[in-house]
Structures are given as structure tokens and as C-alpha cells.
Amino acid sequence: MTAGPAGTPIVPAEIRCAGFQGTTLIDFPDRVAAIVFVPGCNLRCPYCHNGALFEVADEDLMPPEALWEEIERRRDFIEGVVITGGEPSLHPELGAFARALRERGREVKLDTNGLDPAFVRTMLPFLSCVAVDLKTTPERYHLLGTRAGACDLRERLRATKEILSAAQCAVEYRVTMYPGVVDGVETLEAMMALVPANAIVYLQQFVPNHAWSDEAQKTPPFSAAVIREMAGELRRRTGRDGIYVRDYS
Ligand code: SF4
């Protein structure tokens, strides 16, 4: 652990920080926050904008002391810290980091793909908000570069759903509307079986610019109007009111 000014441990020495953004007004609902990016991911979503985080050399990581200093320098105006990636669940040391942040009065939001329910369970007591990126139906996850089988993936996502069903914090599920991976209301309806009732759902438009794969850069996104139409139909079919659209056009 790295000691803070008051001698309180805050950043585990083993934390692997691949990037830090000092301030965000949009990534933590209703909070001014900093963002910590961790390296590595167990998926390869074609549309991912963080491809640079898939492989990060040790010498390019931010030293824990520097991370702590950056967070502390902003202590008068940062209310929270977003932990994102990459995929945070590859980093069990984040539990100690989240605990330390909470003990020092910072709120914590976690972004995850939800494939490691044990990690979600460990982090949950320290979270004010968790955002799960649900990609598609388990049968289609192979399109995202995983070799895990559909049954295994379904069980993991179901377990995450059960854990978050009892969460006291805000729960968001996000679906990136990437044609071919999520291609219609039937797919979305099947996915909703893996979303807890207490979650708000965002259908977010896929943005080809900055995607790491050539394939995604050449794929036209669904229009905002089409996504809104799907959202309306999904609300009707599932009876869920909390389904919203994020579009970037
Ligand atoms: S979008 Fe998220 S889950 Fe998919 S490859 Fe990128 S970091 Fe991993």
C-alpha cells in the first residue's frame, strides 16, 4: 500500500493503472469524478474505443504513488472515482483500492462487463454506482473474441444479475448497438432476461470513429431514430420503463 498524507493507506502497491483522467462531469451520474483506467480485457469487442488498453507494458503504467497524488490534488472538487478499463474484474486488488477510497470519503463507480460475479460481489459494498456492459446474448459472445461457452457465460451473467438485484447502489446496464452483435428487438428482449429489475438500461449508439478494429470503423451505426424505435418496442415487450437511448449523432 502507498500511504496518504495522513498515513492512511489508499492505493495498493500492486494496482495497475494504465491511465488517469482528472475530471469528468459525465461518467459518474450527478458527481464530479476522476477516472482510473486499468489495462487488459477478456473480450475484444470490435467497436471498443480503448484498444490501446488491451496490452500495456509495465513501464507504461502509472506508479501507485503518482495515482494517489493525482487523486489527492483534486480532493476539494472530486466527489467520486470511476474505475474502468479495459476490464476491472481482471484486477482483484481493486477491492482494496475501492475500500480505501470510500474510507476517505470518495464515492466509487465501477464499469465492468459483468463476467466475473465474484469480483462484482467483492466490490459492491464500496460502490455508489455500477455499470454493466451487457454485450449480446450468450450465444453471440464468440463474436467478441471469447472462447467461453454460452452456458458458462449465461451462468456468470445470471449470477451477476442476482448479486446486483439486491444492490443498494445505482445499477446501470448498457448495450452498445453494434450491428451483427445486437441486431434487433428479439436479441434485446432475450438479453433483458439477464438484467436485474432494479437496473436502468441504456441502449447506446455505436461510434465507428476510434474503434480499434477496421471492421467496426467501416460498419455504419444504427441511426438514433432506429434505436429509439427499438427502445420503445423493448419497453412495450418487457414492461420495463427504465430503458433509455444514448445517441451521439
Ligand atoms: S468494450 Fe469493454 S469489454 Fe469490450 S473489449 Fe473494450 S474494454 Fe473490453
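Computed from the coordinates by the stated procedures, all read-outs in this text should not be read as laboratory data. In this text the structure is predicted, and so the values were computed from the model without any measurement. So basically every Cβ, Gly included, is an ideal-geometry build from the backbone, and we count neighbours across all protein chains shown.
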Roughly how tilted is helix 64-73, in degrees to the nearest 10 and between 0 and 90, from the longest Cα axis of the chain? 90 degrees
From the helices alone, meaning DSSP H stretches of at least four residues, give me the mean residue ellipticity at 222 nm for the chain, per-run term -39500 (n - 2.57), in deg cm²/dmol to the nearest 500. -8000 deg cm²/dmol
Convex hull volume per residue in cubic angstrom - Cα atoms of segment 170-249: 96 Å³
Fewest-first sequence of Ser213, Ser223, Ser89 by Cβ atoms within 10 Å of each Cβ: Ser223, Ser213, Ser89
With +1 on the Cβ of every Lys and Arg and -1 on the Cβ of every Asp and Glu, the dipole magnitude of segment 84-131 about its Cα centre, in debye rounded to the nearest 20, is 220 debye
Let me know the charge dipole size of segment 98-193 about its Cα centre in debye, to the nearest 20, where only the beta-carbon of Lys, Arg (+1) and Asp, Glu (-1) is charged. 420 debye
Roughly how tilted is helix 150-165, in degrees to the nearest 10 and between 0 and 90, from the longest Cα axis of the chain? 60 degrees
Under a point-charge model restricted to the Cβ atoms of Lys and Arg (+1) and Asp and Glu (-1), what is the dipole moment magnitude of segment 1-126 relative to its Cα centre, in debye to the nearest 20? 400 debye
Assuming a ≥ b ≥ c are the square roots of the Cα gyration tensor eigenvalues, decide whether segment 96-181 counts as rounded (a/c under 1.5), prolate (otherwise, with a/b larger than b/c) or oblate. prolate
Rounded if a/c is under 1.5, else prolate if a/b beats b/c, else oblate: with a ≥ b ≥ c from the C-alpha gyration tensor eigenvalues square-rooted, which is segment 36-125? oblate
Taking only the Cα positions of the chain, the convex hull volume per residue in Å³ is 120 Å³
Counting other C-beta atoms within 10 Å, which of Lys218, Lys109 has the fewest, and how do the rest follow? Lys218, Lys109
What residues have an amide H closer than 5 Å to that of Tyr244, excluding those fewer than 5 places away on the same chain, when H is modeled at 1.01 Å from N in the peptide plane? Val201, Tyr202, Leu203
Helix 224-238 vs. the chain, principal-axis angle (Cα, 0 to 90°, nearest 10): 80 degrees
Here the FRET efficiency for Arg158 versus His49, based on Cβ atoms and R0 = 35 Å and rounded to 0.05, is 0.80
